[in-house]
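Colleague: Input: one structure, supplied below.
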Amino acid sequence: MLEIKNLHAKAGDKDILRGIDLKVGPGEVHAIMGPNGSGKSTLSYVLSGREGYTVTAGSAELGGKDLLSLPAEQRAREGVFLAFQYPVEIPGVTNKYFLKAAYNALRKHRGEKEATAGEFLKIIKEKAKLVQMDPAFLNRAVNEGFSGGEKKRNEILQLAVLEPKLALLDETDSGLDIDALKIVAAGINAMRDPKRSFIVVTHYQRLLDYIVPDFVHVLSAGRIVRSGGKELALQLEDEGYGVLGQEAAVR
Amino acid sequence: MANETISDLTNKEYQYGFSSDIDADQAPKGLTEDTVRLISKKKEEPEWLLEWRLKAFRHWLTMKAPLWQNVTFPKIDFQDIIYYSAPKPKKVLASLDEVDPEVRAAFDKLGIPLEEQKILSGVAVDAVFDSVSVVTTFKKTLSEAGVIFCSFSEAVKEHPELVKKYLGSVVPAGDNYYAALNSAVFSDGSFCFIPKGVRCPMELSTYFRINAKNTGQFERTLIVAEEGAYVSYLEGCTAPMRDENQLHAAVVELVALDDAQIKYSTIQNWYPGDKEGKGGIYNFVTKRGKCQGKNSKISWTQVETGSAITWKYPSCILLGDGSVGEFYSVALTNHYQQADTGTKMIHVGKNTKSTIVSKGISAGHGQNTYRGLVKILKGATGARNYSQCDSLLMGEKCGAHTFPYMEVNNTSSQIEHEATTSKIGEDQLFYCRQRGLSPEDAVGLIVNGFCKAVFKELPIEFAVEAHKLLNINLEGSVG
């Protein structure tokens with residue numbers, strides 16, 4: 001489904017990604033771990049098309065379609081979803097209205113009829129249950145005045161409504177207490193589907209206790225330096241990222 | 001320069017469907033006492049009104065054009081303006097195909113029904129939708145309720161005692177340079193009187209929408225709400241408006257007696273000039289309301305998206321004890337547009353309350369200024385004010401400026417002022433785009449969210465249009 005080949009990218013003058021190769025099949029959950037500054041978040045941004053990054057080499061295709069030549073909104077419409085580490089506030093725009101605009105933009109792209117306000121309300125109320133969100137949140141401004149946990153839950157609600165082919169979860173566990181983490185993880189697990197791929201970017205192994213990955217990759221200095229099954233995450237938890245520096249140097 | 005820009009606009013007459021026939025019934029260019037006498041005579045006005053005009057004119061001669069404003073424009077040559085010309089009928093168009101495509105595109109985006117588009121752009125209307133009969137029905141409903149609603153000229157003839165009593169009672173003839181000019185030469189305008197205890201049976205917006213008339217260059221509006229009366233009045237419309245006159249200096253006076261309420265909404269979408277800042281309307285207006293009676297309320301809501309220059313401060317004099325003044329404003333400046341707008345809340349009576357919510361949006365090379373005065377007089381015990389002034393910047397070349405003035409002479413008053421300046425952030429844009437919204441839709445969404453507190457004060461049908469209007473006027477401001 002997702003195929004990344006030799007991906008190099010810069011932020012400004014700085015090389016961040018230095019040759020990423022990664023294949024994520026349909027229904028698979030891949031965890032990307034690594035120390036601060038290893039390029040984890042950059043990978044999510046480059047895949048989702050954020051401005052400020054320059055791809056200098058390599059390719060990324062989703063279902064055979066070149067992602068890198070598309071503007072951010074086209075990638076979203078093709079099924080790329082990024083759950084933000086720091087979800088953004090949009091004052092004065094209700095959650096419901098925002099999500100309906102997004103939902104209909106995607107439907108329109110697929111040549112489907114746009115949902116009416118009534119139809120959409122049914123959908124969103126159903127999905128809100130997945131993340132145990134009080135329907136009152138739907139009428140509040142997007143992320144405005146939300147707690148850290150509420151913001152993350154809101155991201156997963158959006159994921160559930162937009163039903164992407166590829167979900168990129170950027171440090172979704174950061175700033176969450178254990179109860180909120182469980183709710184968010186349950187929401188994500190409910191979204192696991194044979195047709196949907198996940199890339200879970202995280203610094204800590206903790207999240208992977210709840211979202212069990214099929215593969216774990218360790219990113220260091222812009223390259224994947226180790227790949228393995230879910231047990232790799234546990235090993236890292238014991239050993240720390242310290243050893244990676246040496247490994248990367250050896251390679 | 002002024003001549004050039006004025007002639008630019010007049011040269012466009014044909015393009016936008018204005019009649020270019022030379023009308024015999026007009027005064028020569030320039031302004032003298034004779035011009036004022038001619039206007040008054042042509043309108044068959046009573047002696048007292050001529051005297052009132054002359055007094056204003058003589059005062060105007062002693063005044064100097066103000067220079068403190070934060071907008072710039074070439075010096076206006078007041079002798080190069082024609083101050084009287086009989087109302088010219090617009091050229092009637094055979095079909096919408098003859099309307100300027102740009103204007104039509106705007107109609108479509110605003111979602112204005114076809115039949116209304118025709119009326120607004122002066123296309124001959126077919127029998128199915130007879131605007132005359134609609135207007136007649138409105139008039140009947142209003143007169144049954146005892147509401148007087150007519151042109152200013154008509155009011156001078158039919159209700160001279162009311163006009164005499166209230167004209168200039170809020171904005172005196174010599175109030176300021178442009179108000180004095182207007183007082184001397186005003187062409188026509190609207191008069192609205194809601195008698196004691198009457199709630200005006202319809203939003204007067206509806207009336208305007210159907211009866212979109214050609215507003216004059218020097219318009220004068222007077223609205224009086226007697227004890228316990230209520231009226232909601234909407235000026236302007238979302239449809240783009242072209243006019244051959246560059247300078248518009250209107251005066252609006254509102255009077256609210258005991259327990260009366262006046263809600264005055266404005267949507268202004270005059271021609272803003274082209275993308276290089278050439279041409280466009282100068283909108284220099286004096287708007288003021290007097291809450292004369294106890295517990296009266298005057299509420300101004302304005303959405304200013306048009307004009308090359310918008311310069312006005314819809315204000316409230318809170319005379320009656322317990323009276324309330326409100327000002328809700330969205331001002332958008334794109335391309336080379338300039339705006340210096342805000343309000344004055346003058347607290348005179350006890351326990352008077354005012355609310356100011358101002359949202360300025362600057363894009364392109366637009367310059368947007370909020371200027372406001374909250375004045376609490378000595379006797380205004382227990383006065384309260386809440387002001388919120390937010391500015392939103394888009395791009396690197398625009399500007400936002402805020403000049404809040406406060407004069408407090410009573411220690412029991414409470415004043416709150418909040419102000420923010422923000423940019424449409426790259427992170428907000430990316431967030432929206434990552435969810436599948438185009439950059440244009442994303443900006444529209446963010447800006448409309450920013451303006452929400454003001455839009456919710458508009459009559460509902462216009463709130464929807466105002467939302468679309470902002471999006472249209474922001475087109476091309478991204479990227």
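The values are calculated or read from the model by the stated rules, or taken from the named source; none is laboratory data. What you are looking at is a predicted structure, and each value in this text was computed from that prediction instead of being measured. Backbone-built Cβ (ideal geometry, glycine too); neighbour counts: all protein chains shown.
Colleague: Taking the range A:41-62 as the region of interest, how many residues are in a helix (DSSP H, G or I) and farther than 19 Å from residue A:78 by Cβ?
Modeller: The qualifying residues number 2.
Colleague: A further question on this structure: Given the residues B:395, B:382, B:449, B:444, which is the only one that is within 15 Å of residue B:361 (Cβ to Cβ), surrounded by 14 or more Cβ atoms within 10 Å (Cβ to Cβ) and more than 10 Å from every other protein chain (Cβ to nearest Cβ)?
Modeller: From the options B:395, B:382, B:449, B:444, the qualifying one is B:395.
Colleague: Let me ask something else about it. Which count do you get for residues in the range B:254-307 that are of a type in the set (S, T, N, Q) and assigned to a loop (DSSP other than H, G, I, E, B)?
Modeller: The qualifying residues number 6.
Colleague: Can you spot a residue in the range A:24-41 that is within 11 Å of chain B (Cβ to nearest Cβ) and within 15 Å of the chain's Cα centre (by Cα)?
Modeller: Of the residues in the range A:24-41, the ones within 11 Å of chain B (Cβ to nearest Cβ) are none.
Checking the range A:24-41: not a single residue is within 11 Å of chain B (Cβ to nearest Cβ) and within 15 Å of the chain's Cα centre (by Cα).
Colleague: When residues of the range A:22-40 are filtered for being assigned to a strand (DSSP E or B) and at pLDDT below 95, how many remain? Quick ask: steps written out before the conclusion?
Modeller: Taking the range A:22-40 and keeping what is assigned to a strand (DSSP E or B), we get A:22-24, A:29-33.
Going one step further and asking which of them are at pLDDT below 95, we end up with A:33.
Here the count works out to 1.
Colleague: Quick check on residue B:124: is it surrounded by fewer than 19 Cβ atoms within 10 Å (Cβ to Cβ), among the aliphatic types (A, V, I, L, M), over 23 Å from the mean Cα position of the chain (by Cα) and modelled with pLDDT of 70 or more?
Modeller: no
Colleague: Restricting to the range A:130-173, count the residues that are among the hydroxyl-bearing types (Ser, Thr, Tyr) and in contact with a strand residue (DSSP E or B) (Cβ under 8 Å, 6 or more places away or on another chain).
Modeller: 1
Colleague: Same structure again: What is the number of the single condition among (1) over 23 Å from the mean Cα position of the chain (by Cα); (2) farther than 25 Å from residue A:45 by Cβ that residue A:91 does not meet?
Modeller: (2)
Colleague: Moving on to the next point. Among what's in the range A:78-92 and is of a type outside the set (Asp, Glu) and out of contact with any helix residue (DSSP H, G or I) (no Cβ under 7 Å at 6 or more places or on another chain), pick the residue that is nearest to the other protein chains (Cβ to nearest Cβ).
Modeller: In this case the residue turns out to be A:86.
Colleague: Only one of A:128, A:105 is buried (at least 16 other Cβ atoms within 10 Å of the Cβ), under 26 Å from residue A:61 (Cβ atoms) and more than 17 Å from the chain's Cα centre (by Cα); which?
Modeller: Working: A:128 fails: under 26 Å from residue A:61 (Cβ atoms).
The match here is A:105.
Colleague: List the number of the failed condition for residue B:88; all other conditions in (1) under 30 Å from residue B:401 (Cβ atoms); (2) in a loop (DSSP other than H, G, I, E, B); (3) modelled with pLDDT under 75 hold.
Modeller: In the conditions (1) under 30 Å from residue B:401 (Cβ atoms); (2) in a loop (DSSP other than H, G, I, E, B); (3) modelled with pLDDT under 75, residue B:88 misses (1) alone.
Colleague: Additional query: Working only within the range A:63-93, note down all residues that are part of a strand (DSSP E or B) and in contact with a Pro (Cβ under 7 Å, 6 or more places away or on another chain). First the steps, then the outcome.
Modeller: Of the range A:63-93, the ones part of a strand (DSSP E or B) are A:65-66, A:80-83, A:90-93.
Within the range A:63-93, A:80, A:81 meet the criteria.
Colleague: Looking for whichever is modelled with pLDDT of 95 or more and not in a loop (DSSP other than H, G, I, E, B) here; the options are A:122, A:108, A:127, A:96. Which one fits?
Modeller: Going through A:122, A:108, A:127, A:96 in turn, the sole match is A:108.
Colleague: Here's a follow-up. Could you count how many residues in the range A:48-74 are at the interface with chain B (Cβ under 8 Å from one of its Cβ atoms) and without any contact (Cβ under 8 Å) to a residue 40 or more places away in the chain? So that I can check it myself, show each step before the final result.
Modeller: Applying the first criterion (at the interface with chain B (Cβ under 8 Å from one of its Cβ atoms)) to the range A:48-74 yields A:48-52, A:71-73.
Imposing the further condition that a residue be without any contact (Cβ under 8 Å) to a residue 40 or more places away in the chain reduces the set to A:49-51, A:71-73.
Selection size over the range A:48-74: 6.
Colleague: In the range B:237-256, what residues are in contact with a Gly (Cβ under 9 Å, 6 or more places away or on another chain) and at pLDDT 65 or above? Even if it seems obvious, please write down each step before you answer.
Modeller: First, the residues of the range B:237-256 that are in contact with a Gly (Cβ under 9 Å, 6 or more places away or on another chain): B:240-242, B:245-246, B:248, B:250-256.
Result: B:245, B:246, B:248, B:250, B:251, B:252, B:253, B:254, B:255, B:256.
Residues checked against (1) more than 14 Å from chain B (Cβ to nearest Cβ); (2) touching a helix residue (DSSP H, G or I) at 6+ places or on another chain (Cβ under 8 Å); (3) not small (Gly, Ala, Ser):
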| site | (1), (2), (3) |
| --- | --- |
| A:105 | no, yes, no |
| A:113 | yes, yes, yes |
| A:119 | yes, no, yes |
| A:123 | yes, yes, yes |
| A:127 | yes, yes, yes |
| A:135 | yes, yes, yes |
| A:140 | no, yes, yes |
| A:144 | no, no, yes |
| A:155 | no, no, yes |
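Colleague: What are the pairs with Cβ atoms under 7 angstrom where one residue, in the range B:412-441, is at the interface with chain A (Cβ under 7 Å from one of its Cβ atoms) and the other, located anywhere, is surrounded by 15 or more Cβ atoms within 10 Å (Cβ to Cβ) and part of a loop (DSSP other than H, G, I, E, B)? Sequence gap at least six, or different chains.
Modeller: B:427/A:88; B:428/A:88; B:430/A:50; B:431/A:84; B:431/A:88
Colleague: So, one more: Looking at B:359, B:312, which one is among the basic types (Lys, Arg), in contact with a Phe, Trp or Tyr (Cβ under 8 Å, 6 or more places away or on another chain) and touching a residue at least 60 places away in the same chain (Cβ under 8 Å)? So that I can check it myself, show each step before the final result.
Modeller: Details: B:312 fails: touching a residue at least 60 places away in the same chain (Cβ under 8 Å).
Being among the basic types (Lys, Arg), in contact with a Phe, Trp or Tyr (Cβ under 8 Å, 6 or more places away or on another chain) and touching a residue at least 60 places away in the same chain (Cβ under 8 Å) holds for just one of B:359, B:312, which is B:359.
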